[in-house]
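First the structure, in the form of structure tokens, and then the observations on it.
The values are calculated or read from the model by the stated rules, or taken from the named source; none is laboratory data. Predicted model, so just to flag it, every value in this text is computed and none were measured. Heads up, the Cβs are rebuilt from the backbone with ideal geometry, glycines too, and the neighbour counts pull from every protein chain shown. Areas reflect the complete protein model, heavy atoms only, side chains present, ligands, DNA and RNA absent. Shrake-Rupley method; radii C 1.70, N 1.55, O 1.52, S 1.80 Å.
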Amino acid sequence: MTRRAILPLLAAALVAACASPAPVPLGTDGRPLPRLYAIRPGDTAAIQFRMLDGLNALRRAAAAPPLALSAELNAAGFTHSRDMSVQNRPWHFGSDGSSPIDRARRVGYGGTFLGELISETYETELQTLAAWMEAPQTRDILLNPAAREMGFGYYQEETGKIWWTLVIGAPAAAPAPAF
């Protein structure tokens, strides 16, 4: 490329670099509004596999065995995420008084329940995973070497707030073969 051809490109790059960034929308309290992470109806599988891949990468680094998605634990996660939204509070008990173990059994999970992580946020699933990894109690659940299965569900409100639920378990031991 000749010097004459490069000068217009450099000028364009300089103008672009000097352009002011887009204004950040502010709430009525003057604080920046959260960026909306909009989940579309067809995004569920991609979100679940991003979480599974991200968590398995962390487990691999910690020498823990990988997890597989469980349809039953996914159902428990989706149910609880929606219920937390209805209750408008992030906690481990359902509006009907159910515990995480109750919900896993209710959806037909026959394995061992090992833990449930919840979050109320505007962040993506991977940002939520990173936040869970920062706290020792939640990190211990994510990296539990006994775990082999996970379920991951969410519910997004019209405001953009997302309720996340991750459930960890271990499948029931296979019965010994009969001779």
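Quick rundown of the values:
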read-out	value
Percent accessible area from carbon and sulfur atoms, the range 15-160, protein chains only, probe 1.4 Å	57
Label-point separation, PHE93 to THR159 (7 Å along Cα→Cβ), nm	2.3
Segments 57-63, 127-133, 84-90 sorted - mean Cβ within 10 Å per residue, highest first	127-133, 84-90, 57-63
Amide H within-cut-off set for LEU114, under 5 Å, with H built and near neighbours excluded	ILE168, GLY169, ALA170
Selection from PHE113, TRP163, SER81 lying farthest towards where the dipole of the range 78-165 points positive, charges on Cβ	PHE113
Computed lengthening from GLN137 to GLU123, 0.36 nm per intervening residue step minus Cα-Cα distance	3.0 nm
Within the range 67-177: Cβ-based charge dipole about Cα centre, in debye rounded to nearest 20 (Lys, Arg +1; Asp, Glu -1)	260
